[in-house]
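Let me begin by presenting the structure, written as structure tokens, before commenting on it.
The values are calculated or read from the model by the stated rules, or taken from the named source; none is laboratory data. Note that the coordinates shown come from a computational prediction; the quantities given were computed from them, not determined experimentally. Virtual Cβ from ideal backbone geometry, glycine too; neighbours counted across all protein chains shown. Remember, those area values only see protein heavy atoms, side chains included, never the ligands or the DNA or RNA. Shrake-Rupley method; radii C 1.70, N 1.55, O 1.52, S 1.80 Å.
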Amino acid sequence: MTPPRLTRSLAVALASGSLVLTGMVAASATAPTIPPSSTESASSPAATPTATPEPAAPTSTLPSPVVEPAEETPTPSTETAAAPESTSNIPDFGEHGAYMGQGLKKIRAGLSPQTDIGPAALDRKLESLTVEPMFGNWRPPGIQGMDVSAHQPTVNWQTQWNMGSRFAYVKATEGTYYKSATFTKQYSGSAATGMLRGAYHFANPAWSSGTEQANYFINNGGGWPADGKTLPPLLDMEWNPYDGNSCYNKTPSQLINWVRDFSNTMKARTGRTPMIYTATSWWKECMGNTSAFAADHALHLAAYNEVGAGTLPAGWKFHSVWQYSSTGPFAGDSNVWNGTMEALRTFARNATSGSTATAAVDSRWKATGGSAGPLGSKVGSLVCGKRNNGCAQSFENGAIHYTPTTGA
């Protein structure tokens, strides 16, 4: 059964706090009763809907589908109740929303990214295939990490630490309608073991603007102090899991502007530039393989294999994090940092190597002729926290890399 949909006005009211739900709201005499949708989680089979479900307190901050009441809930508007607005572009959210890598997993399973399937059922389908191996305990060399969401409601963080995970990204929000009920527990649980941790936002450009979603993420995703243990905000840009095409029915130029608005808002309010999570194939299809963000945004790349991160989106010279598996060894998805532990801490401090790196890069650039030389003018700002505690400065026609050992 297709899950019911929310009207955008109701979702906005819920997100803003102007409307609070403690259970299912009774439908009016002229509106049909809509049963809540069921979503399969990673740890339990999908619930079997009943004909007349009993009202229950929500288990997630994602609101249960409801029918707007005709009289009982007061609103600022004095207008009489009207028929619900069209929901032709409103997604079926499910209990826990989407999660990092869901599109790539569905494609590996031979499904459309818009297929409505829970993570446990998707894993079983992947396990039944012989053409795509399940990687199990394999891991590439490097600093190991993981990412989780409400689809992994119980994570033994000490076990993950003992297995070797040293950093974690936790889903905080999606669109402007979903806050993960497990975010605080997972965010603090990972930190308690000594992991560096950060929050991620699943983008839904079909729902609202980049500015609106950045503000929602900031307001509900914890703080981003440059304290050496809080990773930069992470923006999940990937296949649309809901109604519409894989690109959220947007053109590349529209999505480029959306990401730019999100990034500018994050930087203005937190002082931190978000890292971008994506897959090269999606970036080419939906973002037009733009290089607009390569100069000053770190790259978290999804590529499930036992070989390497593979071809990067245009403009990026290296990736910062590689998501190499969705099926282990760690809970959720498994990642590896492209550098040393000290470089990862530098990345978490939002720090550069200071005036030394800037001076070395500028000296090398000026020696080549500056703006009039073969490199051309600077593009973006110096980005540090790379392999071997390095930094990189992009130019119109290339880049200069710096590490404390090799210089610029």
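Residues that are within 29 Å of MET341 (Cα to Cα), at pLDDT below 95 and in contact with a strand residue (DSSP E or B) (Cβ under 6 Å, 6 or more places away or on another chain) occur in segment 283-295; there is at least one.
The residue pairs whose first member lies in segment 269-297 and is without any contact (Cβ under 8 Å) to a residue 24 or more places away in the chain and open to solvent by 10 Å² or more (accessible area, probe 1.4 Å), whose second member is among the charged types (D, E, K, R) and part of a loop (DSSP other than H, G, I, E, B), and whose beta carbons are closer than 8 Å, counting only pairs six or more residues apart or on different chains, do not exist in this structure.
Scanning segment 146-158 for residues that are in a loop (DSSP other than H, G, I, E, B), of a type in the set (A, V, I, L, M) and open to solvent by less than 10 Å² (accessible area, probe 1.4 Å) yields a single hit, ALA150.
Please go through segment 185-230 and give me each residue that is under 18 Å from GLY332 (Cα atoms) and either within 16 Å of the chain's Cα centre (by Cα) or of a type in the set (Phe, Trp, Tyr) (or both), ordered by number. Quick ask: steps written out before the conclusion?
Going residue by residue through segment 185-230, those that are under 18 Å from GLY332 (Cα atoms) are 185-191, 193, 195-202.
GLN186, TYR187, ARG197, GLY198, ALA199, TYR200, HIS201, PHE202 - these are the residues of segment 185-230 that are under 18 Å from GLY332 (Cα atoms) and either within 16 Å of the chain's Cα centre (by Cα) or of a type in the set (Phe, Trp, Tyr) (or both).
Taken over segment 159-183, residues that are in a helix (DSSP H, G or I), in contact (Cβ under 8 Å) with a residue 24 or more places away in the chain and more than 15 Å from the chain's Cα centre (by Cα) amount to 3. Within segment 220-239, is even one residue of a type in the set (Val, Ile, Thr) and part of a loop (DSSP other than H, G, I, E, B)? Scanning segment 220-239 turns up no residue that is of a type in the set (Val, Ile, Thr) and part of a loop (DSSP other than H, G, I, E, B). If only residues of segment 346-368 that are touching a Pro at 6+ places or on another chain (Cβ under 9 Å) and at pLDDT below 85 are counted, the one that is surrounded by the most Cβ atoms within 10 Å (Cβ to Cβ) is ALA357.
Does ASN257 fit the bill of being of a type outside the set (Gly, Ala, Ser), on the phi < 0 side of the Ramachandran plot, outside any loop (DSSP other than H, G, I, E, B) and surrounded by fewer than 17 Cβ atoms within 10 Å (Cβ to Cβ)? It would help to see each step written out before you state the result.
Details: of a type outside the set (Gly, Ala, Ser): yes; on the phi < 0 side of the Ramachandran plot: yes; outside any loop (DSSP other than H, G, I, E, B): yes; surrounded by fewer than 17 Cβ atoms within 10 Å (Cβ to Cβ): yes.
Yes, satisfied.
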